[in-house]
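For reference, the structure discussed in these notes is given below.
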Amino acid sequence: MTVGGWIFLALLALLIWFAIAAYNKLVGLSQRSREAWSDIDVQLKRRADLVPNLVETVKGYAAHERKTLDEVTRWRSAALNAASPEIRAQAENQLTRALRSLFAVAESYPELKANENFRQLQSSLDEIEDTLQNSRRYYNAVVRDLNSAIERFPSNLVATTFQFRKQGFFELDRPQERQVPHVSFSS
């Protein structure tokens with residue numbers, strides 16, 4: 001075989017090696033993003049399971065706060081029935097906002113704040129929210145890496161060939177959600 005033939009074979013082997021490495025990287029990132037979403041899903045399920053107990057506890061003290069309680073229940077249901085991660089993220093963001101309002105309402109009821117059951121539920125929810133925040137951060141980092149690999153040359157050639165798709169971030173869908181909730185008892 002000639003020198004040109006060896007060079008051609010070496011370049012072909014290098015190209016095949018690159019394609020395999022890029023494909024494996026994309027598969028790994030896709031798996032990590034699914035795993036990260038699964039971690040978020042577990043925490044969201046824990047939170048959704050805790051919400052009815054929290055609502056029932058608050059109902060006993062704040063029966064006239066029906067609108068806030070109904071909103072929490074409605075968004076919990078929407079989150080549990082979401083068809084995709086993007087829709088689930090939107091519903092979960094709304095549930096978070098509704099829960100903030102619920103805790104703001106609870107601030108006006110000293111006997112509720114002193115209730116051991118309520119304090120325990122609030123503590124559990126705080127722990128879940130911290131875990132969710134960490135899980136969301138990890139998920140978004142993995143999605144960022146995956147989306148970057150899908151867009152970067154030359155791995156974008158492998159991504160296009162094997163139909164890897166970009167994934168959406170878990171983020172706030174409305175800037176207003178970054179604001180502290182306002183609760184007013186005047187009608």
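What follows is calculated from the coordinates using simple rules that are stated; it is not laboratory data. All values reported here derive from a predicted model rather than from experimental measurement. In this analysis, Cβ positions are derived from the backbone assuming ideal geometry, glycine residues included, and neighbour counts consider all displayed protein chains.
What angle do you read, to the nearest 10 degrees and between 0 and 90, between the alpha-carbon axis of helix 116-151 and the longest principal axis of the chain? Relative to the chain, helix 116-151 is tipped by roughly 20 degrees.
Listed highest first by mean packing, meaning other Cβ atoms within 10 Å per residue, what order do 47-53, 21-27 come in?
Going by the mean number of other Cβ atoms within 10 Å, highest first, we get 47-53, 21-27.
Modelled spin-label separation between Asn53 and Gln120, with each label point placed 7 Å from Cα along the Cα-to-Cβ direction: 0.7 nm. A Förster distance of 30 Å, applied to the separation of the beta-carbon atoms of Val42 and Glu107, puts the FRET efficiency at 0.50. In the chain, taking the dipole from charged Cβ atoms about the Cα centre, the farthest positive-side position among Phe153, Trp37, Asn115 is held by Phe153. Output the 0 to 90 degree angle, nearest 10, between the alpha-carbon long axis of helix 66-80 and the longest principal axis computed from the alpha carbons of the chain. Compared with the principal axis, the helix lies near 20 degrees. Each 5 Å bin from zero holds the following percent of Cα-Cα pairs in the range 50-142: 2, 13, 22, 24, 18, 10, 6, 3, 1. Decide, for the range 95-163, between rounded, prolate and oblate: order the square roots of the alpha carbon gyration tensor eigenvalues as a ≥ b ≥ c, take rounded if a/c falls under 1.5, and otherwise choose prolate if a/b is larger than b/c, else oblate. Prolate.
Based only on other Cβ atoms within 10 Å, what is the fewest-to-most ordering of Leu15, Leu132?
Ascending number of Cβ neighbours within 10 Å: Leu15, Leu132.
Taking label positions 7 Å along the Cα-Cβ direction at both Tyr138 and Arg74, the computed distance is 3.4 nm, reported to one decimal.
Equivalent ellipsoid of the range 1-78: semi-axes from √(5λ) of the C-alpha gyration tensor, largest first, are 61, 9, 5 Å.
For the residues Asn156, Asn140, Asn93, a GNM of the chain with alpha-carbon springs under 10 Å puts the largest fluctuation on Asn156. Angle of helix 85-106 to the longest C-alpha principal axis of the chain, folded into 0 to 90 degrees and rounded to 10: 30°.
May I ask you to derive the FRET efficiency for Thr160 and Thr131 from their Cβ-Cβ distance with R0 = 41 Å, giving the value to the nearest 0.05?
Efficiency, from the Cβ-Cβ distance: 0.70.
Taking 7 Å steps out from each Cα toward its Cβ at Asn24 and Phe169 produces label points 3.0 nm apart. Charge dipole (Cα centre; +1 on Lys/Arg Cβ, -1 on Asp/Glu Cβ; no other charges) of the chain amounts to roughly 480 debye. The Leu11 and Glu35 beta-carbon pair, evaluated with R₀ = 30 Å, returns a calculated FRET efficiency of approximately 0.25. In a reduced charge model with +1 at each Lys and Arg Cβ and -1 at each Asp and Glu Cβ, the range 50-142 shows a dipole moment near 260 debye about its Cα centre.
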